[in-house]
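The values are calculated or read from the model by the stated rules, or taken from the named source; none is laboratory data. Since this is a predicted model, take the numbers as computed values, not measurements. Backbone-built Cβ (ideal geometry, glycine too); neighbour counts: all protein chains shown. The area values use the complete protein model at the heavy-atom level, side chains included, leaving out ligands, DNA and RNA. Shrake-Rupley method; radii C 1.70, N 1.55, O 1.52, S 1.80 Å.
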Amino acid sequence: MRTSWWLWALVAVCTGDQFRDEAERIMRGTPVIDGHNDLPWRLLTMFNNRLQIERANLTSLANTHTNIPKLRAGFVGGQFWSAYTPCDTQNKDAVKRTLEQIDVIQRMCQMYPETFVCVTNSAGARRPQPALLTGVRQAFREGRVASLVGVEGGHSIDSSLGVLRTLYRLGMRYLTLTHSCNTPWADNWLVDTGEDKAESQGLSHFGQSVVKEMNRLGVIIDLAHVSVATMKAALRLSTAPVIFSHSSAYSLCQHRRNVPDDVLRLVNQTGSLVMVNFYNDYVSCRQEATLSQVADHLDHIKKVAGAGAVGFGGDFDGVSRLPVGLEDVSKYPDLVAELLRRRWTEAEVRGALANNLLRVFEAVEQVSDHTQSPEEEPIPAAQLQASCRTMYGYSEAPSLHRQPGALLASLTTVLLGLGLL
């Protein structure tokens with residue numbers, strides 16, 4: 001009896017090693033593209049974006065979920081780095097802060113060119129290209145981490161289509177429509193908890209213009225952090241698939257940051273993508289969670305939305321609690337091994353690792369049309385908080401071209417004020 005117990009234990013260990021070895025084999029050919037990593041924010045809070053000081057060296061960076069050795073061990077081949085600025089910058093210095101975080105991402109690529117290459121498209125050419133023209137697939141071939149910019153929060157564009165277009169030109173390839181606050185044109189997830197009041201009922205008219213302009217430009221629409229009404233409005237309006245860059249399944253953890261099943265069915269219908277978040281509070285709705293529970297979310301999304309709708313959006317360096325077995329970015333092979341243990345096919349695993357995101361990215365690129373006239377109707381002035389902004393363009397300056405009646409009325413007001421009438 002004792003011999004039998006040891007035999008089964010040996011079989012379990014060997015089987016576990018087999019799945020891990022298989023995971024590494026698959027990931028050598030199809031490395032993971034993760035949907036959301038907050039290392040740039042950590043570089044701000046830890047070093048005020050000073051990348052040249054010794055402690056900020058990414059080859060030895062400590063007390064973070066992410067550094068270069070961990071990325072290599074985790075077979076990370078593509079990363080949407082978050083250009084994040086908090087909600088308290090809205091109507092203040094959000095655009096400046098966002099530009100600084102994009103700068104940090106680009107400087108990472110400049111300082112560590114053997115590891116990172118900043119990319120802006122899905123494919124990339126086989127011949128040498130300028131840094132911002134290199135694509136994800138070319139980075140894979142070169143063995144470097146394809147580094148993409150994801151701007152986390154619509155407040156970063158300050159309700160400006162011009163800023164949206166400028167961020168695109170600087171390399172932004174997804175925009176999360178809200179963070180944990182409403183913008184003047186889109187509602188966030190706290191509306192669904194009752195903590196915030198719905199202001200746009202999903203998307204306002206200007207919010208719809210933002211979505212249309214993102215389609216025209218080729219910017220992926222990210223619905224992490226938005227309300228259910230905003231999710232549904234964007235999924236129905238967008239002519240390209242969308243993503244949830246770091247969200248999990250609401251049916252398994254009833255947190256409003258997660259995606260409910262009726263929305264998952266829309267994800268399926270639109271060819272969109274949910275990149276599962278590893279934050280314990282979104283995985284188990286408790287302070288503790290396990291790798292197996294993350295795999296449960298991947299299983300559920302696959303069941304409801306299809307295998308093509310699943311991806312990884314770990315939220316590393318943006319959260320305070322991570323599952324046992326997924327403590328940092330080096331642990332992705334263990335999660336892939338668990339999926340193989342659950343009899344995911346190799347094609348399904350490769351989809352979750354990278355191919356599903358690449359399919360969405362390519363579809364967004366195909367829908368984009370820079371020959372089409374851009375959206376240009378500004379947001380109504382009444383929808384903006386004006387305390388920290390000028391209003392050039394919204395109010396007509398005094399002009400000699402005004403109608404005689406208007407000039408007479410203005411003159412009458414002045415003369416009355418002087419007591420001359």
Self-check item: Binned Cα-Cα distances of segment 147-207, short to long, each 5 Å bin given as a whole percent
Solution: 4, 20, 27, 22, 14, 8, 4, 0
Quiz prompt | Pairs from LYS197/LYS302; LYS96/LYS232; LYS302/LYS331 whose Cα-Cα separation, in the structure shown, is over 26 Å | solution = LYS197/LYS302; LYS96/LYS232
Exercise. Run through all the Cα pairs of segment 77-197 and give the fraction in each 5 Å bin from 0, expressed as whole percent.
Key: 2, 12, 21, 20, 15, 12, 9, 5, 3, 1, 0
Exercise. For the chain, calculate the relative contact order in percent as a whole number, restricting contacts to Cα pairs under 8 Å that are 6 or more residues apart.
Key: 17 percent
Quiz item: How far is helix 205-217 tilted, in degrees, relative to the longest principal axis of the Cα atoms in the chain, given as a value from 0 to 90 rounded to the nearest 10?
Solution: 60 degrees
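Report the per residue volume, in Å³, of the convex hull enclosing the C-alpha atoms of the chain. Before the final figure, lay out each step's value.
Numbers: hull volume 76.5 nm³, N = 421.
Here the figure is 182 Å³ per residue.
When DSSP assigns beta bridges and you keep just the ones with both residues in the chain, what percent turn out antiparallel, to the nearest 5? List each step's numbers first, then the result.
Numbers: 4 of 36 bridges.
Taking every DSSP beta bridge with both residues in the chain, the antiparallel ones total about 10 percent.
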Self-check item: Whole-Å distance, taken between Cα centres, linking segment 191-270 and segment 48-91
Solution: 27 Å
Self-check item: With DNA, RNA and ligands ignored, accessible area of PHE75 (1.4 Å probe; Å², nearest 10)
Solution: 40 Å²
Quiz item: So what is the calculated 222 nm ellipticity per residue for the chain, using -39500 (n - 2.57) for each DSSP H run with n of 4 or more, over all residues, to the nearest 500 deg cm²/dmol?
Solution: -12500 deg cm²/dmol
Quiz item: Quick one: what Rg and Dmax do you get for segment 24-126 from the alpha carbons, in Å?
Solution: 14.7, 48
Quiz item: Roughly what angle does helix 332-341 make with the longest principal axis of the chain, taking Cα atoms, 0 to 90 degrees, to the nearest 10?
Solution: 60 degrees
Quiz item: Which Cα, out of GLN293, VAL32, LEU170, lies furthest along the positive dipole direction of the chain (beta carbon charges, K/R +1, D/E -1)?
Solution: VAL32
Quiz item: Taking the Cα centre of segment 351-397 as origin and charging only Cβ (+1 Lys, Arg; -1 Asp, Glu), how large is the dipole, in debye to the nearest 20?
Solution: 260 debye
Quiz item: How much accessible surface area, in Å² rounded to 10, belongs to the heavy atoms of ASP88 with a 1.4 Å probe?
Solution: 110 Å²
